[in-house]
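Undergrad: Below is a structure I'd like to ask you about.
The values are calculated or read from the model by the stated rules, or taken from the named source; none is laboratory data. Source: prediction; values computed, not measured. All Cβ positions, glycine included, derive from the backbone under ideal geometry; neighbour counts span all protein chains shown. Remember, those area values only see protein heavy atoms, side chains included, never the ligands or the DNA or RNA. Shrake-Rupley method; radii C 1.70, N 1.55, O 1.52, S 1.80 Å.
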Amino acid sequence: SGREIVSEPKLFIGAADLLIDPPPDWQPRALIQNVEAGAQFVQTQPCFDFEVVRRYMARLVDNGFADRVFMMIGTGPLVSVRSAHWMRGNLYGVIIPDEIIDRMKQAGDSKAEGARICAELIHKLSEIPGVAGAYLMAPDNLVGILGAVELSGLKKGREAPA
């Protein structure tokens, strides 16, 4: 805009990572490099598999890494089984297990089911040590994001999903 900057910007520096189901010999080398370079938070590609997130975060907690950076797990409300298949097949690093695809196939209202799945995952993520939060992605589906947050039970004054 041409305005003079009179104070130093305060930045919260982030990095991205692929969330994986870590093999026994896995070490978070890329994550460590990013944190040593100044990253204060890490956001992952979307993952719809709670158990994979749990195992991944357990490894980060076990080696003390989770204390050094805020881990933000990517997810979002799916809109259809077609979009779930497309994401799983075309977006590098996205994890959508068969059970989520099956739930979307069986849903009478796929957008509502996608919001429920997202809400359940958000709620479960809140219980995993080392997870600082979730970030939701849903192009052209703001209503789905709002619904998932409300259904998650983490919005003040709301009940958690059963």
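Undergrad: Mind putting a number on the dipole of region 1-132 about its Cα centre? Charges go on the C-beta only, +1 for Lys and Arg and -1 for Asp and Glu, and I need it in Debye to the nearest 20.
TA: 280
Undergrad: PRE reach from S126 (point 7 Å along Cα→Cβ): which of region 67-107 fall under 18 Å by backbone N?
TA: 71-77
Undergrad: Another question, then. Over the chain, with every protein chain in place, what whole percent of the accessible area is carbon and sulfur at 1.4 Å, could you tell me?
TA: Here carbon and sulfur together make up 53 percent of the probe-accessible area.
Undergrad: Now for a different question. Grab the other residues whose beta carbon is less than 15 angstrom from that of D25, score K and R as +1, D and E as -1, and report the net.
TA: Here the charged neighbours net out to +1.
Undergrad: On to the next question. Between Q27 and D102, what is the label-to-label distance in nm when each label sits 7 Å out along the Cα-to-Cβ direction?
TA: 3.9
Undergrad: How about K105: which aspartates and glutamates have a C-alpha closer than 15 Å to its C-alpha, ignoring those fewer than 8 places off in the same chain?
TA: Straight-distance partners of K105: E113.
Undergrad: Here is a follow-up. Identify, among V143, Q40, L18, the residue whose Cα sits farthest towards the positive end of the charge dipole of the chain, taking +1 on the Cβ of Lys and Arg and -1 on the Cβ of Asp and Glu, with the dipole about the Cα centre.
TA: Sorting the options by dipole projection puts first V143.
Undergrad: Also: Computed from the coordinates I sent, Cα extents along the principal axes in Å equals one of (i) 63, 28, 21; (ii) 53, 49, 35; (iii) 70, 37, 34. Tell me the label.
TA: So the structure-derived entry is (ii).
Undergrad: Turning to a different aspect of this structure: What range in the chain is the longest one free of chymotrypsin sites (Phe, Trp or Tyr not before Pro) that are in a loop by DSSP and have at most 13 other Cβ atoms within 10 angstrom?
TA: 93-162
Undergrad: Per residue, how many Å² of accessible area does the chain show with a 1.4 Å probe?
TA: That works out to 61 Å² per residue.
Undergrad: Given the DSSP H assignment, sum -39500 (n - 2.57) over each helix run of at least 4 residues in the chain and divide by its residue total; what's the result at 222 nm in deg cm²/dmol, nearest 500?
TA: About -12500 deg cm²/dmol.
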